[in-house]
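So the structure is just underneath, and the comments pick up after that.
Where a number appears in this text, it was derived from the coordinates with a stated rule and is not lab data. Every value quoted in this text rests on a predicted model; they were computed, and no experiment measured them. Because the Cβ atoms are built from the backbone with ideal geometry, glycine has one as well, and the counts that use them run over all protein chains shown.
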Amino acid sequence: MSVTKAFTAAREQGRAVLVGYLPAGFPDVDTAITACRAMVEAGVDVVEVGMPYSDPVMDGPVIQAAADRALSRGVRIRDLLRTVEAVAATGAPTLVMTYWNPIVQYGVDAFARDLAAAGGAGLITPDLIPDEADEWLAASDTYALDRVFLVAPSSTDARLAMTAAACRGFVYATSVMGVTGARQRTSEAAPVLVSRVREVTTLPVGVGLGVSNGDQAAEVAGYADGVVVGSALVRRLLDADDAGDLSAGITAVADLAADLAAGVRRPAHRSAEGVLGNA
Amino acid sequence: MSAPVSQLPDQTGHFGPYGGRFVPEALIAALNELEAAHREAMQDPQFTDELKRLLREYAGRPTLLYEARRFSQKAGARILLKREDLAHTGAHKINNVLGQALLTVRMGKRRVIAETGAGQHGVATATAAALFGLECVIYMGEVDTKRQALNVARMRMLGAEVVPVTTGSRTLKDAMNEAFRDWVTNVDHTHYLIGSVGGPHPFPALVRDYQRVIGDEAREQILQQVGRLPDAVCACVGGGSNAIGVFYAFLGDESVRLYGFEAGGEGVETGRHAAAITGGRPGVLHGARSYLLQDDEGQTIESHSISAGLDYPGVGPEHAWLHDTGRAQYRAVTDAEAMEAFLLLCRTEGIIPALESSHALAGALKVAAELGPDAVILVNLSGRGDKDVATAAEYFGYLGESR
């Protein structure tokens, strides 16, 4: 099920889509599923399930720590697919975010087939650019899956156009030059990048990297169609794993998701304009 | 500079199915900039003359080609050593870092970062950074900073900051991950000085361009000293930069057999090795498609070798291509075989080779036995063994008072 319906619905409600990321198999497969479902109940519109990978060069320390633990606890691709199936059953479009080698080894077409069968919406591919993606472009067409490629502040206009043309579902704008992880301030480069993407596509634009609370979500929702949150959510589960209190982790994930969901419903630019208008 | 021998990589950086760019989009602009800057630099006599001058006056090139007569007697064939161990900093690594540091300055960047395993590439990078006045940060797995404390000190003496990497397995591959993360964040003013012929395009071709001087010199020297081309060229292969460097000039010489010797560790059959081609299969790691050590689901597997410089789970994509096409043969040499060859060179020639290069020597002994006494074999002695004295002394039990 494509993410398009979530973006359409949010647009009708005059708000941005909230995309929440958690890795499969962390702290364990079933708790990850419970946490994903709790996010959806708390207001996350689209779920991004990460496949833990041994060498995640796009990720900061939080997501890497979770991935390391999940791998050492034996997470497998079949666990990822089981997670997708359980989360997609909530009705929330469910994407997989994965580095490319696990998909290459599983078989690109076979993975697309099994992901579609599990009810997955498609893939976000942090280390796969369209230039290298022929096999995935074909498989995602065959199984009608979304394909979300990343664009960056350093992307040229030509590459933005080429990458957006290869995307289906939405375009993922990485808001800063850097890796995943919560940041004190959201980026000044992000609104510029989003407006550059809008010039080359009518697809929705999601912004990720650095959003960690409702206020930041509101700020990003002021200029983007989607707000992607990962590390801040994963942090809640890492803390719970350290403390040995998984149910507290689920509650913390749900609380943060609710805060973020409220954030995307009060986009910051409108309130700012409102204040200025009244002044 | 010298004319290309091979038409690969193609325009998009592929050697057949290998190579390419499997990196975050954020790095593509920098890779394109690097590719263009390198192409222009290699056609600019100001750049190439300056590099030649540095290689001659600073690095000590051309390095000697030495016929190892007593080692040859033991081997049963004529063995000639390309003495990269005599280059400044004690290994071929200097060729690449001088080229890339010069290119960094040309691109107007002021900071270089690098990954290092045992510390050799880190020391070479810190050396070039000192020479060019560049800020320098070296990522090194925490495990390796403890194993190679002396090299950490050398890098710091040269003015580099050494960052111990505490993520993942805390070894070379994780240092490389961390360097990529730094690069994504600081790419506007930072050059990632990759130390081998791996990574995303254009690195495999770029590093080859800076290392081919080994083979270009050796081919000329052997024609002069022996009067003919060698029957075989032997090199060790971790990432594979010294091997590509010495192979490249001979790619078009069909009579010359090319052999790459991977680190077989405790034996490929034990699973504890670093032989990506011999004991791995194709996949994607650190920006390129090539052979690598991985489990059935594509998670990278830890490599093992007594030689820290070969202890990496991947290999440069051009080697994958040379393997598949049959132009070069890749075989594994175990720790034990390498150590035996190490001691043989010490005892017959008074040359202490690096443990990496000892794999090439061990391989050459096998090739000599196969080709017979009339064979002329060129071995790339990629580095000196001073850095390995502690490891070798422990291996041979030379540290106890009774000895």
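What to note about this one:
- Put simply, the amide H of B:I79, placed in the peptide plane, has neighbours under 5 Å in B:A68, B:S72, B:I377, leaving out anything fewer than 5 places away on its chain.
- The Cα-based radius of gyration of segment A:187-240, divided by its Kirkwood radius, gives an Rg/Rh of 1.06.
- Net charge of neighbours whose Cβ lies under 12 Å from the Cβ of B:G240, counting Lys and Arg as +1 and Asp and Glu as -1: -2
- Of interest is the spacing of the C-alpha centroids, which for segment B:323-348 and segment A:140-219 amounts to 49 Å.
- Span-like helix criteria (full DSSP H runs; alpha carbon extent of at least 15 Å along the helix axis; mean Kyte-Doolittle hydropathy of at least -1.0) are satisfied in chain B by B:28-42, B:93-106, B:120-132, B:172-186, B:213-225, B:335-349, B:355-371.
- Under the Karplus curve 6.51 cos²θ - 1.76 cosθ + 1.60, θ = phi - 60°, whole-Hz ³J(HN,Hα) for segment B:292-307, x wherever Gly or Pro sits: 7, 8, 8, 7, 5, 10, x, 7, 5, 9, 5, 9, 9, 7, 5, 9
- Among the listed pairs B:K93/B:K173; B:K52/B:K387; B:K366/B:K387, those whose Cα-Cα separation exceeds 23 Å are B:K52/B:K387; B:K366/B:K387.
- The mean of 1/r over all pairs of different alpha-carbon atoms in chain A, once inverted, gives a Kirkwood hydrodynamic radius of 18.4 Å.
- With a 10 Å cut-off around each Cβ of A:46-59, the average count of Cβ atoms from other chains is 5.
- Its DSSP H runs of at least 4 residues, each contributing -39,500 (n - 2.57), put the calculated 222 nm mean residue ellipticity of chain B at -13000 deg cm²/dmol, to the nearest 500.
- Only beta bridges with both residues in chain A are counted; by DSSP, about 5 percent of them are antiparallel.
- Relative contact order of chain B, defined on C-alpha pairs under 8 angstrom at six or more residues apart (%): 20
- Expressed as a whole percent, the proportion of Cα-Cα pairs in segment A:1-94 lying more than 18 Å apart is 46%.
- Whole-Hz couplings from phi, Karplus 6.51/-1.76/1.60, listed for segment A:243-251; x for Gly and Pro: 7, x, 10, 5, 5, 5, x, 4, 4
- Most mobile listed residue (A:G43, A:G169, A:G74) in chain A, GNM with C-alpha springs under 10 Å: A:G74
- Residue-averaged beta-carbon neighbours from other chains (10 angstrom radius) around A:63-69: 2
- When peptides B:371-383, B:167-179 are sorted by average Cβ neighbour count within 10 Å, with the highest value leading, the order is B:167-179, B:371-383.
- Global form of segment A:33-165, assessed from the alpha-carbon gyration tensor, a/c cut-off 1.5: rounded
- From most to least packed by mean Cβ count within 10 Å, the peptides B:217-226, B:270-279 give B:270-279, B:217-226.
- Value of Rg to Rh for the protein assembly as shown (Rh from inverse mean 1/r over Cα pairs, i.e. Kirkwood): 1.01
- Between the listed residues B:Y248, B:P200, B:G227, the Cα displaced farthest toward the positive end of the dipole of segment B:172-261, a dipole computed from Cβ unit charges relative to the Cα centre, is found at B:G227.
- Extension gain for B:E50-B:T348 works out to 103.5 nm (0.36 nm per residue, less the C-alpha to C-alpha distance).
- Calculated [222 nm] ellipticity per residue, helices only, for chain A: -15500 deg cm²/dmol; basis is -39500 (n - 2.57) per DSSP H run with n ≥ 4, divided by all residues, nearest 500.
- Percent antiparallel among DSSP beta bridges (both partners in segment A:52-174, rounded to 5): 10
- Taking every DSSP beta bridge that has both ends in the protein assembly as shown, the antiparallel portion is near 20%.
- Note on chain A: with a GNM built from Cα contacts shorter than 10 Å, the maximum mean-square fluctuation among A:D215, A:D55, A:D241 falls on A:D55.
- P(r) weight above 15 Å for segment B:1-60, C-alpha pairs, percent: 66
- When the protein assembly as shown is described by a simple charge dipole with +1 on each Lys and Arg Cβ and -1 on each Asp and Glu Cβ, the residue from B:P24, A:L18, A:T8 located farthest towards its positive end is B:P24.
- GNM result for chain A, Cα springs below 10 Å: residue of A:D255, A:D134, A:D239 fluctuating most strongly: A:D134
- Tensor-based shape of segment B:125-208 (alpha-carbon gyration tensor, a/c under 1.5 rounded, otherwise prolate or oblate): oblate
- Here's how it looks for B:A332: its modeled amide H is under 5 Å from those of B:E262, which are all 5 or more places away or on a different chain.
- Taken residue by residue and averaged, Cβ atoms of other chains lying within 10 Å of the Cβ of B:289-295 number 2.
- For chain B: rounded, prolate or oblate by the Cα gyration tensor [a/c cutoff 1.5]: rounded
- Once you reduce segment B:75-114 and segment B:185-261 to the center of their Cα atoms, the two points are 11 Å from each other.
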